[in-house]
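This report refers to the structure that appears directly beneath it.
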Amino acid sequence: MTDCIFCKIVDGRIPSKKVYEDADMLAFHDINPVAPVHFMIIPKKHVDSLATVGEEDAPVLGRMMAMAGRLAREQGSTEGFRTIVNTGRIGRQDVYHLHIHIIGGPDPLPRMIVQE
Ligand code: 5GP
Ligand code: ZN
């Protein structure tokens with residue numbers, strides 16, 4: 001999709017700090033990290049959000065989840081991490097290209113939902 005930031009990252013029009021890449025997915029560091037480890041895993045194919053994902057995307061989504069632990073450990077989250085998929089207006093999704101946040105580091109994170 002031409003105007004999508006993450007599609008631009010996939011095809012190199014916008015630079016990123018890559019964590020992992022294969023034919024189906026890309027993982028790269030979040031530009032505005034909220035913890036010492038904060039990267040995202042995205043499908044290379046443009047999919048708007050978890051709300052609109054189709055059955056045909058299940059294999060790549062499964063592979064993205066299956067890679068999360070290994071990549072998190074490689075980035076220094078050796079004792080666990082949090083996965084977040086913000087979805088739609090209610091989930092406060094900002095970038096409408098499906099992404100799994102992987103957030104962690106050496107210390108325990110705040111509890112799940114922090115009140116504003
Ligand atoms: P969302 O709120 O949609 O779940 O998360 C979007 C994330 O993308 C945010 O955490 C934001 O910091 C990150 N982000 C937005 N633009 C860029 C960019 O150009 N490069 C990188 N690496 N991350 C970005
Ligand atoms: Zn996209």
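The values are calculated or read from the model by the stated rules, or taken from the named source; none is laboratory data. Quantities reported herein were computed from a predicted structural model and do not represent experimental measurements. Cβ placement follows ideal geometry from the backbone for every residue including glycine, while neighbour counts extend to all protein chains displayed.
Here are some notes:
- Among the residues of segment 34-62, those identified as surrounded by 15 or more Cβ atoms within 10 Å (Cβ to Cβ), out of contact with any helix residue (DSSP H, G or I) (no Cβ under 6 Å at 6 or more places or on another chain) and not in a loop (DSSP other than H, G, I, E, B) are 37, 38, 39, 40, 57, 60, 61.
- Count of residues meeting criterion [more than 10 Å from ligand 1 (Cβ to nearest atom), part of a loop (DSSP other than H, G, I, E, B) and surrounded by 15 or more Cβ atoms within 10 Å (Cβ to Cβ)] in segment 85-108: 1
Listed here are the residues, each with its yes/no results for (1) within 17 Å of residue 82 (Cα to Cα); (2) within 15 Å of the chain's Cα centre (by Cα); (3) not acidic (Asp, Glu).
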site	(1), (2), (3)
21	no, yes, no
25	no, yes, yes
29	yes, yes, yes
37	yes, yes, yes
49	no, yes, yes
54	no, no, yes
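- Scanning segment 63-82 for residues that are small (Gly, Ala, Ser) and more than 18 Å from residue 97 (Cβ to Cβ) yields 66, 69, 72, 76, 77, 80.
- The condition of being modelled with pLDDT of 95 or more, under 26 Å from residue 110 (Cβ atoms), out of contact with any Cys (no Cβ under 7 Å at 6 or more places or on another chain) and within 15 Å of ligand 1 (Cβ to nearest atom) holds for only one of 36, 43, that being 36.
- When 1, 40, 64 are screened for being within 16 Å of ligand 2 (Cβ to nearest atom), among the aliphatic types (A, V, I, L, M) and in contact with an Asp or Glu (Cβ under 7 Å, 6 or more places away or on another chain), only 40 passes.
- The condition (being in contact with a strand residue (DSSP E or B) (Cβ under 7 Å, 6 or more places away or on another chain), among the basic types (Lys, Arg) and either modelled with pLDDT of 95 or more or part of a loop (DSSP other than H, G, I, E, B) (or both)) is satisfied by just one residue among 73, 82: 82.
- Some residue of segment 14-32 being of a type in the set (Val, Ile, Thr) and surrounded by 18 or more Cβ atoms within 10 Å (Cβ to Cβ): yes
- Taken together, the criteria place residue 55 among residues that are more than 16 Å from ligand 2 (Cβ to nearest atom), among the charged types (D, E, K, R), out of contact with any His (no Cβ under 8 Å at 6 or more places or on another chain) and without any contact (Cβ under 8 Å) to a residue 24 or more places away in the chain.
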